[in-house]
Amino acid sequence: MQKFLLSVDKISAFVGRTCAWLILALTLMISWEVFSRYVLDNPHPWAFDVMSMMYGTLFMTAGAYTLSQNGHVRGDVLYGFFPPRLQAGLDLTLYLLFFIPGVVALAWAGYSFAADSWAINEHSNITADGPPIYPFKTIIPIAGAILLLQGLAEIIRCIICLKVGDWPSRGDDVAEVDIKKLKDMVHVKDEDIAKLDEYIDNPNRKPS
């Protein structure tokens, strides 16, 4: 089961990291459009639509990735003090009551939107000759399906935690700096940090 959970994490992480490159593409495109509009006096009517679709794709595909890293915002004021079993019970209840119905509705509605868009060869109507929208709307059910898969993995994690009393491990990825690991890497001891703090507070006094 743990192998399955980590495999789902890897799928979500792969999709999230791959689509994260849209940030670079979006930055370059916005920069070029600003230059083209104000310096070359040659704006592109389709640029706004394409930027919106790129940002929407990035936003939607980041959902499963963020969930796989347990990075979504939650009210941690009390949650963080709860024992793992209580956390798992609360998470499982919320997943079943809100997450699953909401994401299933998202994927189903997204499929309908995408099918209709492909059927009519839908293009943006913001400009006279807008870019096609159907590829972008296809991302909606795909992102919903991946998010639903990751949600099922999280439900299994909750059930395992309720049984064993501890959370199963997750796939490692880029995260905030782990101070303990950083200190181990550079061979820094707590007493060395205390001496440095003492020296910063009293710069005229030599550290012991």
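For the stretch 24-73, the set of residues classified as farther than 28 Å from Ile126 by Cα, of a type outside the set (Gly, Ala, Ser) and either surrounded by 13 or more Cβ atoms within 10 Å (Cβ to Cβ) or in contact with a helix residue (DSSP H, G or I) (Cβ under 9 Å, 6 or more places away or on another chain) (or both) consists of Tyr65, Thr66, Leu67, Gln69, Asn70, His72, listed by residue number. Each residue in the stretch 70-107 was checked for being under 30 Å from Gly130 (Cβ atoms) and touching a Gly at 6+ places or on another chain (Cβ under 8 Å), and 3 pass. Within the stretch 62-69, is there a residue that is at pLDDT 90 or above and under 30 Å from Ala128 (Cα atoms)? Scanning the stretch 62-69, I find no residue that is at pLDDT 90 or above and under 30 Å from Ala128 (Cα atoms), so the answer is no. Would you please list the contacts, defined by Cβ atoms under 7 Å and residues six or more apart or on different chains, that run from a residue in the stretch 99-117 that is farther than 10 Å from Gly144 by Cα to a residue that is surrounded by 14 or more Cβ atoms within 10 Å (Cβ to Cβ) and among the basic types (Lys, Arg)? Short answer, once both residue conditions are applied: Phe113/Lys137; Ala114/Lys137; Ser117/Lys137.
Is it the case, given these coordinates, that Phe35 is closer than 28 Å to Ala143 by Cα and modelled with pLDDT of 90 or more? So Phe35 does not fit the description; no.
Note on the stretch 1-56: residues that are assigned to a helix (DSSP H, G or I) and either of a type in the set (Lys, Arg) or within 24 Å of Pro135 (Cβ to Cβ) (or both) total 36.
Candidates Ile126, Ile140: the one that is under 28 Å from Leu96 (Cβ atoms) and either at pLDDT below 95 or touching a Gly at 6+ places or on another chain (Cβ under 7 Å) (or both) is Ile140. Scan the stretch 85-92 and tell me whether some residue there is touching a residue at least 24 places away in the same chain (Cβ under 8 Å), in the same structural domain as Asn125 (by TED's automatic domain parsing) and closer than 28 Å to His123 by Cα. No, that holds for no residue. If you go through the stretch 129-143 and keep only what is surrounded by 17 or more Cβ atoms within 10 Å (Cβ to Cβ) and either part of a helix (DSSP H, G or I) or basic (Lys, Arg) (or both), you end up with Tyr134, Phe136, Lys137, Thr138, Ile139, Ile140, Pro141, Ile142, Ala143.
Counting only residues that are over 30 Å from Gly89 (Cβ atoms) and aliphatic (A, V, I, L, M), the stretch 120-169 holds 7 of them. Is there a residue in the stretch 94-112 that is exposed (fewer than 15 other Cβ atoms within 10 Å of the Cβ) and modelled with pLDDT under 90? No.
The values are calculated or read from the model by the stated rules, or taken from the named source; none is laboratory data. Only a predicted model underlies this, so the values are computations on that prediction, with no experimental measurement involved. When we count neighbours, we look across all protein chains shown, and the Cβ atoms used for this are built from the backbone with ideal geometry, even at glycine.
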